[in-house]
Amino acid sequence: MPDARVRRAITAEERRFAERCTRGRVLVIDDDPEILTALRALIEFEGYACETFDSAHAYLHALTAGPAPFPGPCCLLCDVRLPEIDGLELQRRLAGCDEIPIVLMSGVSGAPEAVSAFRAGALDFLIKPLDAEILLATMVKAFAVSAERHLARARRCALTARLAELTEREREVARRVVAGQRNHEVAQALGIALRTVKRHRHQVMEKLQVETLADLVHILGEWRSAHPL
């Protein structure tokens, strides 16, 4: 879903922050102010943008009430042991927002927590004290994943818009073509002329911006569970 939040005209400082965001933005959650300060210094020294939060509550509030984020790849670096809402619970709450990769960190967590984190989709699990090189390498990996997820969402949105342009008859023809029916079989099943089936099929391919039957089958087969015809 498009972000409904808006951002006012930005200041010079915000413009510099936006430029950093194009390289990558790290959202750090930890209840230790010294760790937040140290991580911000490291991340910003490398030329990335950084936002820090002392609790999961503070992050969730900013997520819904703050201004729209500047564009660019993003990742979330969160401590597991947090008051009230811990890192694993926050990960569960953000399960539907999978565009931002989550990296969890802890100095006292055991294997079960790490396993739970990975099973829930965490990109990585780092052990404190954090090694700077390992952290930076993990961030680069997370930014690449974030960029790919953003492109995938953009493709899904574009396909949804194109699917919305299909008429009910075109949807029916497309559904049958994807199921493997030939033109004459579609015509017989729907009680329409063969030339009408060909016209509908041509319109479907034109609206969905595909050139071959294989492309049509691929994109409809890939997205029909999320965007049923």
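The values are calculated or read from the model by the stated rules, or taken from the named source; none is laboratory data. Note that the structure is a prediction, hence the values are computed from the model and not measured. Cβ atoms come from the backbone with ideal geometry, glycine included; neighbour counts cover every protein chain shown.
Residues 162, 119, 155, 171: which one is within 20 Å of residue 218 (Cβ to Cβ) and without any contact (Cβ under 8 Å) to a residue 40 or more places away in the chain? Give the derivation first.
On the way: 162 fails: without any contact (Cβ under 8 Å) to a residue 40 or more places away in the chain; 119 fails: within 20 Å of residue 218 (Cβ to Cβ); 171 fails: without any contact (Cβ under 8 Å) to a residue 40 or more places away in the chain.
Selected residue: 155, the only one of 162, 119, 155, 171 that is within 20 Å of residue 218 (Cβ to Cβ) and without any contact (Cβ under 8 Å) to a residue 40 or more places away in the chain.
Take the residues of the stretch 122-139 that are in contact (Cβ under 8 Å) with a residue 12 or more places away in the chain and assigned to a loop (DSSP other than H, G, I, E, B): which is surrounded by the fewest Cβ atoms within 10 Å (Cβ to Cβ)?
Taking the candidates together, the pick is 129.
Say we look at the stretch 1-41 and pick out the residues that are of a type in the set (A, V, I, L, M) and surrounded by fewer than 17 Cβ atoms within 10 Å (Cβ to Cβ); which of these is modelled with the lowest pLDDT?
If we take residues in the stretch 1-41 being of a type in the set (A, V, I, L, M) and surrounded by fewer than 17 Cβ atoms within 10 Å (Cβ to Cβ), then 1 is modelled with the lowest pLDDT.
Considering the stretch 36-56 alone, what residues qualify as being within 15 Å of residue 22 (Cα to Cα) and in contact (Cβ under 8 Å) with a residue 60 or more places away in the chain?
43, 46, 48
Could you please find all residues in the stretch 175-199 being among the aliphatic types (A, V, I, L, M) and modelled with pLDDT under 90? Steps first, please.
Filtering the stretch 175-199 for residues among the aliphatic types (A, V, I, L, M) gives 177-179, 186-187, 189-190, 192-194, 197.
177, 178, 179 - these are the residues of the stretch 175-199 that are among the aliphatic types (A, V, I, L, M) and modelled with pLDDT under 90.
Yes/no matrix, rows are residues, columns are (1) assigned to a helix (DSSP H, G or I); (2) not assigned by TED's automatic domain parsing to the domain that holds residue 219:
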{"residue": "152", "(1), (2)": "yes, yes"}
{"residue": "169", "(1), (2)": "yes, no"}
{"residue": "172", "(1), (2)": "yes, no"}
{"residue": "175", "(1), (2)": "yes, no"}
{"residue": "181", "(1), (2)": "no, no"}
{"residue": "188", "(1), (2)": "yes, no"}
{"residue": "192", "(1), (2)": "no, no"}
{"residue": "195", "(1), (2)": "yes, no"}
{"residue": "198", "(1), (2)": "yes, no"}
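Quick one: which residue in 112, 83, 101, 71 is in contact with a helix residue (DSSP H, G or I) (Cβ under 8 Å, 6 or more places away or on another chain) and surrounded by fewer than 12 Cβ atoms within 10 Å (Cβ to Cβ)?
Details: 112 fails: in contact with a helix residue (DSSP H, G or I) (Cβ under 8 Å, 6 or more places away or on another chain); 83 fails: in contact with a helix residue (DSSP H, G or I) (Cβ under 8 Å, 6 or more places away or on another chain); 101 fails: surrounded by fewer than 12 Cβ atoms within 10 Å (Cβ to Cβ).
71 is the lone residue from the list that is in contact with a helix residue (DSSP H, G or I) (Cβ under 8 Å, 6 or more places away or on another chain) and surrounded by fewer than 12 Cβ atoms within 10 Å (Cβ to Cβ).
Please verify whether the stretch 129-136 includes one or more residues that are in the same structural domain as residue 22 (by TED's automatic domain parsing), modelled with pLDDT of 95 or more and over 16 Å from residue 78 (Cα atoms).
yes
Just to be sure I understand the filter: pairs with C-beta atoms under 7 Å, separated by 6 or more residues or on different chains, first member in the stretch 57-72 and outside the structural domain of residue 146 (by TED's automatic domain parsing), second member exposed (fewer than 12 other Cβ atoms within 10 Å of the Cβ). Which pairs pass?
So the pair list comes out empty.
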